[in-house]
Amino acid sequence: MKKRISLTLLVAAAYLLHQDFWNWEKIHPLVFGFLPVGLAYHVGYSLLAAALMAVMVRCAWPEDLDPAGTPPAGQDGSKEDPT
């Protein structure tokens, strides 16, 4: 239950961070001398979102969805689709 609440709070925080209204009117300062601050913010946000998805897959993936020892479709050497 703690894990579920923690992940929910992380997703809510990421959602709130996505609403970057404070950067809408800003062009300066330029990050690395050429990148507008709003675009640099979204680069960082995209990295955060990717890391959050990796954490969610690692921590919240249903165990009954992929039974242990079952290879993904097409990786067991057969040419047929198992479905």
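Before moving on, here are some points about what is shown:
- Restricting attention to region 33-43, the residues being among the hydrophobic types (A, V, I, L, M, F, W, C) and assigned to a helix (DSSP H, G or I) number 4.
- Within region 51-67, restricting attention to residues that are aliphatic (A, V, I, L, M) and exposed (fewer than 10 other Cβ atoms within 10 Å of the Cβ), the residue that is modelled with the lowest pLDDT is 65.
- Residue check, residue 2 surrounded by fewer than 10 Cβ atoms within 10 Å (Cβ to Cβ) and among the charged types (D, E, K, R): yes
- Test: residue in region 23-32 that is under 30 Å from residue 62 (Cα atoms), out of contact with any strand residue (DSSP E or B) (no Cβ under 7 Å at 6 or more places or on another chain) and in a helix (DSSP H, G or I): no
The values are calculated or read from the model by the stated rules, or taken from the named source; none is laboratory data. Since this is a predicted model, take the numbers as computed values, not measurements. Cβ atoms come from the backbone with ideal geometry, glycine included; neighbour counts cover every protein chain shown.
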